[in-house]
Amino acid sequence: MEKRFDILDEVFSHFLKGSRIFRDREVLRHDYVPDYLPHREEEILRLGEITAPTLKGSPCSNIFIYGKTGTGKTAVTRFVLKKIAQKSKEINSPVKVCFVNCRLAGTEYRVLAELCSSINEKVPFTGLAVGELFDRFKKALEKQGVIFLVTLDEIDALVKIRGDALLYELTRINENLSKSKVSIIGISNDLKFKEFLDPRVLSTLSEEEMVFKPYTAEEIQDILMERAKIAFYDGVLSEGALKLCAALAAAEHGDARRALDLLRVAGEIAERRGDTKITEDHVREAQKRIEHDRVYESIRSLPTHSKIVLLSAFLLSKFDPDRSMTGEIYNIYSEICDQIGISPLTQRRVSELINELDVMGLLNARVVSLGRYGRTKKIGLGIPRKILIEVFSEDEIFRNILSYRPKFLLSS
């Protein structure tokens, strides 16, 4: 045991001596907002022009921004909000800004709680009805007499699972306010997200629209170059590694976030190995590690019932891949619940869990028509079986279920 501690001490000592690779690794994180955003000057100017009226005490148009992950939507919006907040303080303008990531918030309650918190309205972590929470938010807002600029990032994640009721209320809130006004910036990674919205919500939210196109490999290279200047010591990053990060990210729909992750993890791999230069080999190793870790962690951290739903889809695809409807998933789900001794949820709730797993990319759920019998969902795995087996093999509760043959399939 003592020897193990000695080994760990060596690891810590090596790290505490200081990195020969990183000058500032935080620069490569997603939430870092740089002072300069290459190839997004046009979008910054447009968003700045749309939101500028708030500085004169007028609400601006609601804006709907969409584009694939890693196209700079969040970075540009945070950049503009930061500048508006600074300018409003300078000129003593009654503007307040708030940024909420709806995927992280997860529920309407948590979104509203964050909105309340940003205007210093204290609310309990849980326990109130959403309607009461919304009323408190409106009253607190009205007292303050401000222009409230709200950004709802990844709004598609919330609407697909919870519906658009909250969005509907927020787009109509100004009808019940006289001293304060609210303007909304909605950001979505899903280009088809508008299909999920009630037409009344869509018409109010989309007063202005912005579409962010994917970056090219050359543009991603410029972005990485700017960050690398601050993140790494001089001479550490090889040109080949930089180009490979950009090329891999460009192949995945021009995702700059992906490129930054690759660069950061490649740097960390080089650092752990005691290498003095980041090479293409480090980038390739980073690519394997990121993909595996992302899927592995998302499965491992699922709630129990979501794990059972995923396992049900796995068993169905293993024993009878042609039958993959919601009802069949539910029958296997109920059997597994019985096997491990927990009460099953309703079929409606399981259907919602399937939607959530679909949003996460762990399942692929598509609606198919059954003609006069209506419509149903056809469900398949969205991840390699190998990773799923790896995760569940480490789980004491589910290890034996991997080889379970559902009675439902035997009897039908």
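The values are calculated or read from the model by the stated rules, or taken from the named source; none is laboratory data. What you see is a predicted model; the values in this text were computed from it and never measured. Heads up, the Cβs are rebuilt from the backbone with ideal geometry, glycines too, and the neighbour counts pull from every protein chain shown.
Against the condition in contact with a helix residue (DSSP H, G or I) (Cβ under 9 Å, 6 or more places away or on another chain) and closer than 30 Å to R257 by Cα, how does A105 come out, does it pass? Answer is yes for this residue. Inclusion of E43 among residues that are closer than 20 Å to D153 by Cβ and of a type outside the set (S, T, N, Q) is warranted. When the range 228-252 is limited to residues that are touching a residue at least 60 places away in the same chain (Cβ under 8 Å) and surrounded by 21 or more Cβ atoms within 10 Å (Cβ to Cβ), the one that is farthest from the chain's Cα centre (by Cα) turns out to be V236. Scanning the range 9-55 for residues that are at pLDDT below 90, in a helix (DSSP H, G or I) and of a type in the set (G, A, S) yields a single hit, S13.
Quick one: in the range 108-124, which of the residues that are in contact with a helix residue (DSSP H, G or I) (Cβ under 7 Å, 6 or more places away or on another chain) and outside any helix (DSSP H, G or I) is farthest from R78 (Cα to Cα)? The qualifying residue farthest from R78 (Cα to Cα) is V123.
Scanning the range 209-241 for residues that are more than 27 Å from D275 (Cα to Cα) and of a type in the set (S, T, Y) turns up Y215, T216.
Can you work out which of the residues in the range 253-277 that are assigned to a helix (DSSP H, G or I) and charged (D, E, K, R) is surrounded by the fewest Cβ atoms within 10 Å (Cβ to Cβ)? Going through the qualifying residues, I end up with R273.
Filtered by the rule that a residue be surrounded by fewer than 20 Cβ atoms within 10 Å (Cβ to Cβ) and within 22 Å of I397 (Cβ to Cβ), the range 315-330 gives S317, K318, F319.
Scan the range 229-238 and give yes if some residue there is in a loop (DSSP other than H, G, I, E, B) and under 30 Å from L166 (Cβ atoms), otherwise no. No, the range 229-238 contains no residue that is in a loop (DSSP other than H, G, I, E, B) and under 30 Å from L166 (Cβ atoms). Restricting the first member to the range 202-226 and to residues that are under 16 Å from E43 (Cα atoms), and the second to residues that are of a type in the set (K, R), the beta-carbon pairs closer than 6 Å and six or more apart or on different chains are F212/K73; P214/K68.
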